[in-house]
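I'd like to ask you about the structure that follows.
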Amino acid sequence: MEHMKHMQERGHTDRVDGMDHFERQLTRLMHSPQEQVAFDARHRHRLHAGVRTRRRVRAARRAAGSVLAVAGLGLGLFLWPHGHTDDRPSAPHPRPAVSPAPVPSASTTTTPSPPPSTSEPPSGPPSSLTTDSAPPESTATASNAPGADGSSSTPTYGQPSATATARDTATTTPPVTATENTPAGPSDDPSSVVSPSG
Amino acid sequence: MEQTRAGEYDAFVAARWSVLFHLARLLTGGDRHRAEDLLQESLVKLWFVWPKVADEAPEAYVRTVLARAAARSARRRWWGERPVEELPEVAAAGDMSATVAERSRLEEALARLSPQQRAAVVLRYYQDLPDRQVAEVLGCPVGTARSHAARGVARLRGLLADVIEPVG
């Protein structure tokens, strides 16, 4: 509003195409004849040098970006957890189940620790093996095999004393303490398995 | 392919160099050296987009780059002495000297505007662009572009009062 009032005071009211006198003169001044500047060899060389420089800068920037991307990816892979199994706490190894009535054939195949010794006396495992939880089944195989076919084989390892065997079996297989066929009963396997076969 | 591209680009630059240089000179307030630098930078940018804009409007692209770069610039013209290799030619008497003197006054007055005002005024009165296109080139709202142009013209009225005499 003040602008219009100011122009009216100065007598710039002859507007043509939305321009007042000053604006038209300003336009004329800007379009006034100008010196012709030729695009000479100096300009051309400088322009091409600028293009080359900018191309190098762009290539360097692209290479730096690629290096940064690869470095970031490598760092990410380095910090990434390697595997799922390593992160988990190690579970205890599965132990053979101690059942009161194991199947003789299955137990013989699954328990390698005691050889198939089939002696009537309680063939307990060595004292070193009594600490493990495997021997109960080994004693079961030892007693079952002779009960089944009635043949006795030579034991491959030293026989422990009867008391040791009794203690071992008593701790592992409580329900099978009473046996009918074997005198050294406590270390033998469940009689329920032996008696039907014999 | 590259040779064709370079040939077309060189032909365009050679044909439009003078006009673009004059625009750059107005946008920089008459600073010849800075105008040349600005035009060089804009043409270098044009080279990398030449396949895209060659068939459309390469000059409009250069104009946009020039105007935005000039409007962003916060540098002001130094009005002190500047060493030159050769002495400037003495203006001959007559109409040509008057024209040169008027243009020099115009450039001095433009140099006293802010970069945004100068760019808006040049685009509006030299490139004859409407306010909407001025806003598009400067990348600002139409009202802002119109405000820059109006304030610039108002400032030029005082600076060029002795060059452009009022009617009546």
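The values are calculated or read from the model by the stated rules, or taken from the named source; none is laboratory data. Note that this is a predicted model, so its numbers are computed, not measured. Neighbour counts run over all protein chains shown; Cβ positions are idealised from the backbone, glycine included. To get the accessible areas, we keep the full protein, side chains included, count just its heavy atoms, and leave off ligands, DNA and RNA. Shrake-Rupley method; radii C 1.70, N 1.55, O 1.52, S 1.80 Å.
Could you list, in sequence order, all residues of the range B:125-146 that are farther than 16 Å from B:Arg105 by Cβ and part of a loop (DSSP other than H, G, I, E, B)? Spell out how you get there, then give the answer.
First pass over the range B:125-146, keeping only residues farther than 16 Å from B:Arg105 by Cβ: B:127-146.
Of everything in the range B:125-146, those that are farther than 16 Å from B:Arg105 by Cβ and part of a loop (DSSP other than H, G, I, E, B) turn out to be B:Gln127, B:Asp128, B:Leu129, B:Pro130, B:Gly139, B:Cys140, B:Pro141.
Mind listing just one residue for me: the one in the range B:9-24 that is of a type outside the set (A, V, I, L, M, F, W, C) and open to solvent by 10 Å² or more (accessible area, probe 1.4 Å) and, of those, farthest from the other protein chains (Cβ to nearest Cβ)? Walk me through it before giving the result.
Initially, the range B:9-24 is screened for residues of a type outside the set (A, V, I, L, M, F, W, C), giving B:9-10, B:16, B:18, B:22.
With the extra rule that they be open to solvent by 10 Å² or more (accessible area, probe 1.4 Å), the set shrinks to B:10, B:16, B:18, B:22.
Details: B:Asp10: 7, B:Arg16: 9, B:Ser18: 5, B:His22: 5 Å.
Across the range B:9-24, the extreme among qualifying residues is B:Arg16.
Another question about this same structure. Would you be able to tell me the number of residues in the range B:25-36 that are part of a helix (DSSP H, G or I), touching a residue at least 40 places away in the same chain (Cβ under 8 Å) and open to solvent by less than 20 Å² (accessible area, probe 1.4 Å)? It would help to see each step written out before you state the result.
Filtering the range B:25-36 down to residues part of a helix (DSSP H, G or I) leaves B:25-27, B:32-36.
Remaining after also requiring touching a residue at least 40 places away in the same chain (Cβ under 8 Å): B:25-27, B:34.
Going one step further and asking which of them are open to solvent by less than 20 Å² (accessible area, probe 1.4 Å), we end up with B:26-27.
Here the count works out to 2.
Output the residues belonging to the range B:123-142 that are in contact (Cβ under 8 Å) with a residue 24 or more places away in the chain, within 28 Å of B:Glu165 (Cβ to Cβ), open to solvent by 10 Å² or more (accessible area, probe 1.4 Å) and more than 10 Å from chain A (Cβ to nearest Cβ).
none
Any chance you could count how many residues in the range B:37-56 are over 17 Å from B:Arg72 (Cα atoms) and touching a residue at least 24 places away in the same chain (Cβ under 8 Å)?
6
Take the range B:143-153 and flag every residue that is open to solvent by less than 50 Å² (accessible area, probe 1.4 Å) and within 12 Å of chain A (Cβ to nearest Cβ).
Hits for the range B:143-153 are B:Ser147, B:Ala149, B:Gly152, B:Val153.
Let me ask you something else. Please work out which residue is farthest from the other protein chains (Cβ to nearest Cβ), limiting yourself to the range A:64-76 and to residues that are more than 30 Å from B:Trp47 (Cβ to Cβ) and open to solvent by 70 Å² or more (accessible area, probe 1.4 Å). Give the derivation first.
First pass over the range A:64-76, keeping only residues more than 30 Å from B:Trp47 (Cβ to Cβ): A:71-76.
Next cut, open to solvent by 70 Å² or more (accessible area, probe 1.4 Å) only: A:73, A:75.
Working: A:Leu73: 28, A:Leu75: 32 Å.
Looking at residues that are more than 30 Å from B:Trp47 (Cβ to Cβ) and open to solvent by 70 Å² or more (accessible area, probe 1.4 Å), I get A:Leu75.
Determine the pairs where a residue that is facing chain B (nearest Cβ under 7 Å), located within the range A:20-44, has a partner that is loosely packed, with under 14 Cβ neighbours inside 10 Å and basic (Lys, Arg) with Cβ atoms under 9 Å apart, the partner being 6 or more residues away or on another chain.
So the pair list comes out as A:His21/A:Arg15; A:Glu23/A:Arg15.
Consider the range B:108-117. How many of its residues are open to solvent by 10 Å² or more (accessible area, probe 1.4 Å) and either of a type in the set (Lys, Arg) or within 14 Å of chain A (Cβ to nearest Cβ) (or both)?
The total comes to 3.
May I ask you to list pairs of residues, at least six apart or on different chains, whose Cβ atoms are under 7 Å apart, with the first in the range A:51-63 being under 10 Å from B:Val44 (Cα atoms) and assigned to a helix (DSSP H, G or I) and the second being among the charged types (D, E, K, R) and modelled with pLDDT under 95?
Close Cβ pairs (under 7 Å, with a partner that is among the charged types (D, E, K, R) and modelled with pLDDT under 95) do not exist here.
Next question. Quick test for you: out of B:Ala120, B:Ala149, B:Ala161, B:Ala154, pick the one residue that is part of a helix (DSSP H, G or I) and without any contact (Cβ under 8 Å) to a residue 12 or more places away in the chain.
B:Ala154
Hey, does the range B:45-54 have a residue that's surrounded by 14 or more Cβ atoms within 10 Å (Cβ to Cβ) and more than 23 Å from B:Gln133 (Cα to Cα)? Spell out the reasoning first.
Pass one, the range B:45-54, residues surrounded by 14 or more Cβ atoms within 10 Å (Cβ to Cβ): B:45-47, B:50, B:53-54.
When the remaining residues are screened for being more than 23 Å from B:Gln133 (Cα to Cα), the result is B:47.
Yes, there is a match, as at least one residue in the range B:45-54 is surrounded by 14 or more Cβ atoms within 10 Å (Cβ to Cβ) and more than 23 Å from B:Gln133 (Cα to Cα).
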